[in-house]
Amino acid sequence: MMTEAAQADGYSAGLALGRRAPATELSAIAGTLPPQQLDPFLRGLSGRTLGITMLPSAWRLRWQQDPPSVALATLLGKNAIAVDAAEAPRSESLMLDGDLAHQVAGARSIQNASVPLPSVAALSALHPVVLPLAMRALSARGGVPTSVWLNLIATIGARVHPNPRSWSGAWLSLMDAVPTTDPAVQGALLALEPVVTQVDVQPAGVLAAYRCAVALRLDRIDQGHRTETCATGTDGWRSLAALAERARPPIAPSLVAEQLRNVLVQGSSDPRVVEAVAQAAVLIPVGQARPLLLQIAENRDPGVLAALLEGLIGHLPHARALPPPVLDRLLGAPFELPEAPSLEARLHATELRRALGLPARETPSTVRALQMAAHPDAGGSPVSTLIAPEASGGTWVLETTAGTIRIALRADTAPEALGLLAATTREGTYRQTTFHRVVPGFVAQGGDPRGDGYGGTSRIIPTELSGERFERGAVGIALAGLDTGGTQFFITLTDSPHLDARYPYVGQVISGMNVADRLMTGDQIVSAAVIAP
């Protein structure tokens with residue numbers, strides 16, 4: 001009988017092989033792997049884009065087994081791997097299965113064009129946690145008949161009003177996924193607007209965020225004339241940020257610039273609003289954007305700098321339109337701030353400098369961050385830290401506005417990250433922070449004292465990667481590059497093999513997973529505590 005240690009070694013070896021094996025040798029390698037290494041090998045592959053066009057025989061067997069490989073389903077969805085007629089019905093049968101992991105595998109696989117489109121019955125049978133995965137897969141696949149979208153709109157629209165906590169995530173994902181060029185689909189969405197904008201998903205901050213999200217998505221249909229729906233929210237900064245996000249083509253550039261100026265005047269004191277204006281300004285022509293960018297370029301908040309620099313990387317003419325002294329100050333600004341909170345801005349400044357062909361001026365930590373962003377498994381030299389690792393794990397209890405979540409912490413997989421988590425929990429850092437990023441059917445991310453995704457890195461700790469599986473309920477530390485982990489964490493809402501060995505793993509939800517499923521953007525952590533084992 002294989003020992004537990006040998007099994008662990010086999011898993012790590014299979015995962016590493018999947019991460020690094022040459023794409024031209026994958027089929028041959030898969031046929032030689034022992035059974036205990038095949039699934040971790042597939043998990044290692046799921047973060048990659050492959051050149052395989054046919055399903056190797058060893059993988060075909062794994063697709064037909066129970067439980068199916070979610071990693072293989074992810075690969076089928078991401079890559080144009082042909083599925084033959086005998087295997088094609090497997091996706092629908094998995095979606096009709098009541099097991100959540102089976103539904104996840106089936107939903108991910110339907111992105112593959114060789115898999116038949118699922119029936120209405122199969123889509124209607126999906127759990128609200130899984131539906132967003134299926135809708136994103138259908139959107140990426142394309143060619144979905146109007147009748148399918150209309151059925152989903154009617155089904156989810158009827159469910160979101162009586163049970164908003166469970167179905168709002170599916171509704172928001174649906175509006176992201178549906179083709180807004182289809183007049184029938186447009187009409188169906190707009191017809192339900194009075195229903196969904198009146199959904200009560202208290203507390204007030206969540207309700208405001210939800211209504212802003214609904215307005216933003218409906219905005220894609222009627223081109224920017226629903227600002228009043230969003231502006232009525234009670235969460236002021238979020239409403240202003242959403243108004244900035246809405247101001248973009250096809251609205252006339254002069255009108256976009258005017259709206260962005262108004263938002264900047266109203267919200268200039270809140271960096272989260274300024275970030276949204278920066279991200280929107282680079283989408284309009286240089287002439288209209290330049291005055292806004294000149295004003296934002298003088299801001300020295302690390303989150304604002306990161307947002308602006310990231311936007312300019314994708315829109316180099318806007319960067320070149322800045323006066324040389326302004327551009328030089330902007331590129332140097334992140335390096336004048338404390339290192340830990342400005343690492344993401346330093347990373348983007350380095351990338352922008354290189355994109356513009358300017359001489360490099362990076363610090364070693366920024367070089368490591370750049371390496372990590374480009375090659376997540378590149379590694380690097382650990383930096384010194386004053387955070388004492390936790391000797392044992394314990395239980396992390398999060399009291400949220402959606403309910404209580406209990407997480408069993410692991411002391412062995414990422415001790416430095418766990419030490420920071422425990423220390424900042426005791427200091428009260430997590431109290432009243434929000435879940436600022438919730439992607440239904442994927443992750444819920446929170447723990448940022450700023451609430452916008454650019455905060456929470458007050459102390460530098462080395463990035464600790466392991467071979468632990470990011471299955472449903474896994475808890476990891478969010479990164480923006482090497483050694484950028486801080487207080488931000490995420491909970492995986494479905495099995496996410498493409499995250500394996502790419503983020504520090506600190507624990508697993510042991511109760512309250514139904515609460516995690518109901519989290520929405522704007523939900524708060526009322527209190528947090530680490531209970532010793």
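The values are calculated or read from the model by the stated rules, or taken from the named source; none is laboratory data. Note that the structure is a prediction, hence the values are computed from the model and not measured. A quick note on method: Cβ atoms are made from the backbone with ideal geometry, for glycine too, and the neighbour counts reach across all protein chains shown.
Things to note:
- Top-ranked residue in segment 489-533 [being among the charged types (D, E, K, R) and outside any loop (DSSP other than H, G, I, E, B); ranked as farthest from the chain's Cα centre (by Cα)]: R518
- Put simply, of T400, T433 the only residue that is under 14 Å from V509 (Cβ atoms) and either of a type in the set (S, T, N, Q) or in contact with a helix residue (DSSP H, G or I) (Cβ under 8 Å, 6 or more places away or on another chain) (or both) is T400.
- Test result for R353, over 23 Å from V256 (Cβ atoms), modelled with pLDDT of 95 or more and either loosely packed, with under 15 Cβ neighbours inside 10 Å or outside the structural domain of S466 (by TED's automatic domain parsing) (or both): no
- Residue within segment 218-225 that is within 21 Å of V129 (Cα to Cα) and surrounded by 20 or more Cβ atoms within 10 Å (Cβ to Cβ) present: no
- Taking segment 85-118 as the range and being surrounded by fewer than 23 Cβ atoms within 10 Å (Cβ to Cβ), of a type in the set (G, A, S) and over 23 Å from the mean Cα position of the chain (by Cα) as the test, the residues that pass are A85, A86, A88, S93, G98, A113, S114.
- Screening T494 on (1) farther than 23 Å from H348 by Cα; (2) in contact with a strand residue (DSSP E or B) (Cβ under 8 Å, 6 or more places away or on another chain); (3) surrounded by 22 or more Cβ atoms within 10 Å (Cβ to Cβ); (4) among the polar types (S, T, N, Q) shows it passes everything except condition (2).
- Candidate set from segment 242-265 (those that are among the polar types (S, T, N, Q) and modelled with pLDDT under 90); member that is farthest from R300 (Cα to Cα): S254
- When G486 is tested against the conditions (1) at pLDDT 90 or above; (2) part of a loop (DSSP other than H, G, I, E, B); (3) crowded, with 23+ Cβ neighbours inside 10 Å, the lone failure is (1).
- Residues that are outside any helix (DSSP H, G or I) and among the polar types (S, T, N, Q) within segment 165-206 comprise T180, T181, T197, Q198, Q202, listed in sequence order.
- The lone exception for P250 - which of (1) within 28 Å of the chain's Cα centre (by Cα); (2) not aromatic (F, W, Y); (3) not in a loop (DSSP other than H, G, I, E, B) it fails: (3)
- Among residues of segment 16-31 that are touching a residue at least 12 places away in the same chain (Cβ under 8 Å), those with a beta-carbon under 8 Å from a residue that is surrounded by fewer than 12 Cβ atoms within 10 Å (Cβ to Cβ) and assigned to a helix (DSSP H, G or I) at least six positions away or on a different chain give the pairs G31/S57.
- Residue match in segment 406-415 (condition: without any contact (Cβ under 8 Å) to a residue 24 or more places away in the chain and either in contact with a Gly (Cβ under 8 Å, 6 or more places away or on another chain) or closer than 29 Å to S69 by Cα (or both)): yes
- Qualifying residue in segment 174-186 (condition: touching an Asp or Glu at 6+ places or on another chain (Cβ under 7 Å) and either among the polar types (S, T, N, Q) or over 28 Å from V70 (Cα atoms) (or both)): no
- Condition broken by G77, with the remaining ones in (1) out of contact with any Gly (no Cβ under 7 Å at 6 or more places or on another chain); (2) surrounded by fewer than 20 Cβ atoms within 10 Å (Cβ to Cβ); (3) in a helix (DSSP H, G or I); (4) not aliphatic (A, V, I, L, M) satisfied: (2)
Condition check ((1) more than 18 Å from V178 (Cα to Cα); (2) of a type in the set (S, T, Y)) across all residues:
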site	(1), (2)
T74	yes, yes
A88	yes, no
V104	yes, no
N112	no, no
S119	no, yes
P128	no, no
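- For R108: the one exception among (1) part of a helix (DSSP H, G or I); (2) farther than 16 Å from T494 by Cβ; (3) of a type outside the set (V, I, T): (2)
- Taking the criterion of being farther than 17 Å from D495 by Cα and of a type outside the set (A, V, I, L, M, F, W, C), the residues of segment 126-153 that qualify are S139, R141, G142, G143, P145, T146, S147, N151.
- Extreme residue, modelled with the highest pLDDT, among residues of segment 183-203 that are over 26 Å from the mean Cα position of the chain (by Cα) and surrounded by fewer than 16 Cβ atoms within 10 Å (Cβ to Cβ): A184
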